[in-house]
Amino acid sequence: MEIKNRVVVGYKNGKRLKGFTFDFTPGKEIFHVTDPQDDRKITEVSTNDLKAVFCVKTFEGDRRRKSDYALENLKKVPGLKLKVTFLDGEVLYGTTNGYTPGRRNFFLLPADKNGNNERVCVFSDFARSIEPIP
């Protein structure tokens, strides 16, 4: 059985691509995203061009929504607590079990439980800073 992941691909240049992927894994250089309305339309994506891959609940996210980072709730969740600041100024808070400095990418579980992101694959080369949260 194939697992279809709903994603919003965030490119370094600011472009966003919404669709479904069956073949994304962090170690791959290339993966594919199908159009949400027409699964015959497939876009090949190079991970070298990416800021992050956002695994989302819906495609109707609201970029103007203010995130609700309940940092005190992070204390109850296992894993390394991080603040990621991207080069474009976007900030994410969350937990991970897969980050080590120098690693190309890692998955972050967002602290904003009411947000649209379920998990985010962060590409470290587009992060201005990756800081542990005490």
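Since every read-out is calculated from the coordinates, none of them should be taken as a lab result. As the structure is a computational prediction, the values presented were derived from the model and not from experiment.
Starting from the Cα of LYS76, draw a straight line to each of the lysines and keep only those under 17 Å, dropping any in the same chain fewer than 8 residues away. Answer for LYS76, where 17 Å is the Cα cut-off: LYS113, listed by chain and number. Give me the count of lysine pairs in the stretch 10-58 whose alpha carbons sit under 18 angstrom apart, restricted to pairs 8 or more positions apart or on different chains. Pairs that pass both the separation and distance tests number 8.
The gain in end-to-end length when the THR25 to TYR11 segment is fully stretched comes to 3.4 nm, 0.36 nm per residue minus the alpha carbon separation.
Between VAL120, VAL53, VAL45, the GNM of the chain built on Cα springs shorter than 10 angstrom shows VAL45 fluctuating the most. Stokes-Einstein, applied to the Kirkwood radius of the chain over Cα pairs at a viscosity of 1.567 mPa s and 4 °C, places its translational diffusion at 85 µm² s⁻¹.
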